[in-house]
Amino acid sequence: MKYDQNLNEGHRSRLKHKFLKSESGTLYDYEILELLLCYSIPRKDVKPLAKLLLHQFGNLGNLLSSPTSKLVQTPGIGESTIILLKSIKEVLLLANKEQISKKPIFSSWQKLIAYLRSNIGYDSTESMKALFLNSKNLLLGEQLFSHGTVNKISVYPREILKAALYHEATAVILVHNHPSGFAQPSQPDIDTTIAIKDILKTLEIELIDHVIISPNNEFSFKCNALI
């Protein structure tokens, strides 16, 4: 089929107009992605690519969190599109972090969860991070400790203690993701959490919570009385 530049420009113009006139959340996911792809692929009908990407990766969160090595395997995805997608992920991450960085971290549970989910919630392999807090529960810093496989990570409690001392933290929140989407803790998750809590306690640093995050749900050790 011969490519019609005028037809494509007309479609893009209508899509942009629809976006500007619509209420937030009323466009389909593929339409939002199609609109974004217009800026990295200027002279091509990108609706089929938008639908392909959502089908292949499952949702926008998974797409934005996918490693470059996986993105480049998709026909039609070049450097400009990868930079666009990665930039959007970073903007979302920074915007969500701003919501929790200037006030006590538990002042809004939903904002904390939004940040954790945008951070590692959509990752395809397990990883663990720690958030380091002061006596007022303000965020001092954070650190990624381990990348694992799709269902396993290894982390050493002393590494977290060392980082907590570096940040001069009085409290720690652990967070790790479950790519399976099932946020319930395993017995190794529980055992590791207790070991980390005990070693932090030796220097009067409190483990406030351990949150397991997935694309659609989360689990708090504190809320479930596991710490």
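Nothing in this text is a laboratory measurement; each read-out follows from the coordinates by a stated rule. In this text, all values refer to a predicted model and were calculated from it rather than measured experimentally. No Cβ is skipped: glycine too gets one built from the backbone with ideal geometry, and neighbour counts run over all protein chains shown.
Per-structure values
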item: Fraction of antiparallel bridges per DSSP, the stretch 104-220 only, in percent to nearest 5; result: 70 percent
item: Per-residue HN-Hα couplings for the stretch 123-128 [Karplus 6.51, -1.76, 1.60; θ = phi - 60°; Hz; x = Gly/Pro]; result: 5, 8, 10, 6, 8, 10
item: Neighbour-count order for GLU98, GLU142, fewest beta carbons within 10 angstrom listed first; result: GLU98, GLU142
item: Cβ-based charge dipole, the chain, positive-most Cα from LEU52, SER107, TYR166; result: LEU52
item: Space enclosed by the convex hull of the alpha-carbon atoms of the stretch 5-91, per residue, Å³; result: 92 Å³
item: Mean-position separation - Cα centroids, the stretch 194-227 and the stretch 60-111, in angstrom; result: 25 Å
item: The chain, helix-only ellipticity at 222 nm - DSSP H runs n ≥ 4, -39,500 (n - 2.57), divided by all residues, nearest 500; result: -14000 deg cm²/dmol
item: Three-way shape label, the stretch 104-220, alpha-carbon gyration tensor, a/c 1.5; result: oblate
item: Residue order, fewest to most beta carbons within 10 Å, for LYS97, LYS197; result: LYS97, LYS197
item: Candidate lysines - alpha carbon under 27 Å from LYS222, same-chain residues fewer than 8 apart omitted; result: LYS97, LYS102, LYS103, LYS111, LYS129, LYS136, LYS152, LYS162, LYS197, LYS201
item: Length gained when the stretch ASP29-LEU84 is fully extended (0.36 nm per residue, less Cα-Cα span); result: 18.2 nm
item: Burial ordering of CYS223, CYS38, fewest other beta-carbon atoms within 10 Å first; result: CYS223, CYS38
item: Alpha carbon convex hull of the chain, projected area averaged over orientations, nm²; result: 14.1 nm²
item: VAL72-TRP109 pseudo-label distance in nm [points 7 Å out on the Cα-to-Cβ vector]; result: 4.3 nm
item: Antiparallel content of DSSP bridges confined to the chain, in %, to 5; result: 70 percent
